[in-house]
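A short write-up of the structure that comes next.
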Amino acid sequence: MDELNTEELQKKLGYVFNDQNLLIKSLTHSSYANEGANKHSESNERLEFLGDSLLGMSVALLIYKSKPELSEGQMTKLRAQLVCEKSLAALALQLDLGEYLLLGRGEQSGGGRSRPSILADALEAVIAAVYLDGGYEPVENLIASFFSARINAPIKSVTDFKTQLQEMIQCKSGQTLAYELKDVQGPDHQKLFTVEVKRNGKTIGTGTGKSKKNAEQEAAKAAVDTINKERHGH
């Protein structure tokens, strides 16, 4: 696919690029850029890095402006739901973004055009390309068109931290979650359970409680805090 016709994609985005090469770069997967004759191509990885930050800030601003009734915790949860891989991949599918990707032969035959991680990364790269081409205003418009309807959907109140943690983990493909009982202390009528929760084998939260179930909830709560801190770069 040497000549990429992106006219239809630009219509769907509601933005026409001044520099078409920026858009092409945002659609160029590393598997294509690293392949034989395409070695002169630059992949979308650097754009993806920039797009990730732009997306987080733009969605935060949209939530802040349109949902004044939400607490900080509710805003954090809503943003996490909106910018997670699963959500971005669904948006990319609506745009038929997979059809425009430049993929290496192996990635293409392996189903790369519909792989959630590739689609989500490409969408972030496209957002960065729009910013570099036209500044922040078109990015703000794009984010509003993507997320306004979903921001106004009712928010479920979450007190079940195990469910919340599961949702956060499911947002990114290739992550596993496991709860492990580490310790039980005290007499039968006053036992204290200690549980660790692990993501891909690494402990991200520890909790104690008067039952194994309570300890798991406390561990999940600690893990949710850990993931939120990771996302904010603390």
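Quick look at the numbers
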{"quantity": "Lys, Arg +1 and Asp, Glu -1 on Cβ, resulting dipole of the range 99-234 about Cα centre, debye, nearest 20", "calculated": "560"}
{"quantity": "Residue among Gln175, Gln108, Val126 farthest towards the positive dipole end of the range 88-175, charges placed on Cβ", "calculated": "Gln175"}
{"quantity": "Rounded if a/c under 1.5, otherwise prolate or oblate - the range 59-204, Cα gyration tensor axes", "calculated": "oblate"}
{"quantity": "Using θ = phi - 60° and Karplus 6.51 cos²θ - 1.76 cosθ + 1.60, couplings along the range 172-187 (whole Hz; Gly, Pro as x)", "calculated": "10, 5, x, 10, 10, 10, 9, 9, 10, 6, 9, 7, 10, 10, x, x"}
{"quantity": "Quarter of Cα convex hull surface for the range 5-137, i.e. mean projection, nm²", "calculated": "8.3"}
{"quantity": "Links that overshoot a 29 Å alpha carbon limit, given the list Lys67/Lys212; Lys65/Lys172; Lys12/Lys198; Lys65/Lys213; Lys77/Lys202; Lys25/Lys77", "calculated": "Lys67/Lys212; Lys12/Lys198; Lys65/Lys213; Lys25/Lys77"}
{"quantity": "Accessible area of the chain belonging to carbon and sulfur atoms, whole % at 1.4 Å probe", "calculated": "50"}
{"quantity": "Highest-MSF residue in the chain out of Lys65, Lys12, Lys86 [GNM, Cα springs under 10 Å]", "calculated": "Lys65"}
{"quantity": "Two-decimal Rg to Rh for the range 161-202 - Kirkwood Rh, Cα set", "calculated": "1.15"}
{"quantity": "Selected from Arg79, Arg113, Arg46 as most flexible by GNM, with the chain as the system and alpha-carbon contacts under 10 Å", "calculated": "Arg46"}
{"quantity": "Listed residues Ala122, Ala80, Ala149, most fluctuating in the chain (Gaussian network, C-alpha, under 10 Å)", "calculated": "Ala149"}
{"quantity": "HN-Hα J in Hz across the range 48-53 - Karplus 6.51, -1.76, 1.60, θ = phi - 60°, x for Gly and Pro", "calculated": "4, 4, 5, x, 4, 5"}
{"quantity": "D (Stokes-Einstein, µm²/s), Kirkwood Cα radius, the range 76-162, 1.306 mPa s at 10 °C", "calculated": "110"}
{"quantity": "Furthest towards positive pole of dipole, Leu47, Gln10, Gln74, structure part the chain, Cβ charges", "calculated": "Gln74"}
{"quantity": "Size of charge dipole - the chain - debye, nearest 20, with Cβ of Lys, Arg +1 and Asp, Glu -1, no other charges", "calculated": "1080"}
{"quantity": "FRET E, pair Lys11, Tyr136, Förster distance 25 Å, beta-carbon r, rounded to 0.05", "calculated": "0.70"}
{"quantity": "The chain - mean residue ellipticity at 222 nm from DSSP helices (-39,500 (n - 2.57) per run, n ≥ 4, rounded to 500)", "calculated": "-17500 deg cm²/dmol"}
{"quantity": "Radius of gyration and maximum dimension Dmax of the range 133-234, Cα, Å", "calculated": "18.6, 67"}
{"quantity": "Student exercise, the range 13-119 dipole from Lys, Arg, Asp, Glu Cβ charges, in Debye to nearest 20", "calculated": "160"}
{"quantity": "Separation between Cα centres of the range 93-148 and the range 4-55, rounded to whole Å", "calculated": "8"}
{"quantity": "Residues with amide H under 5 Å from that of Leu102, placed H, sequence gap 5 or more", "calculated": "Thr28, His29"}
{"quantity": "Using alpha-carbon coordinates, inclination of helix 212-231 to the longest axis of the chain, degrees", "calculated": "30"}
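The values are calculated or read from the model by the stated rules, or taken from the named source; none is laboratory data. Please read all numbers here as calculations on a predicted model, not as lab measurements. Quick reminder, even Gly has a Cβ in these numbers, built from the backbone with ideal geometry, and neighbours come from all protein chains shown. Each accessible area value is taken on the protein alone, full model and side chains, heavy atoms only, with ligands, DNA and RNA left out. Shrake-Rupley method; radii C 1.70, N 1.55, O 1.52, S 1.80 Å.
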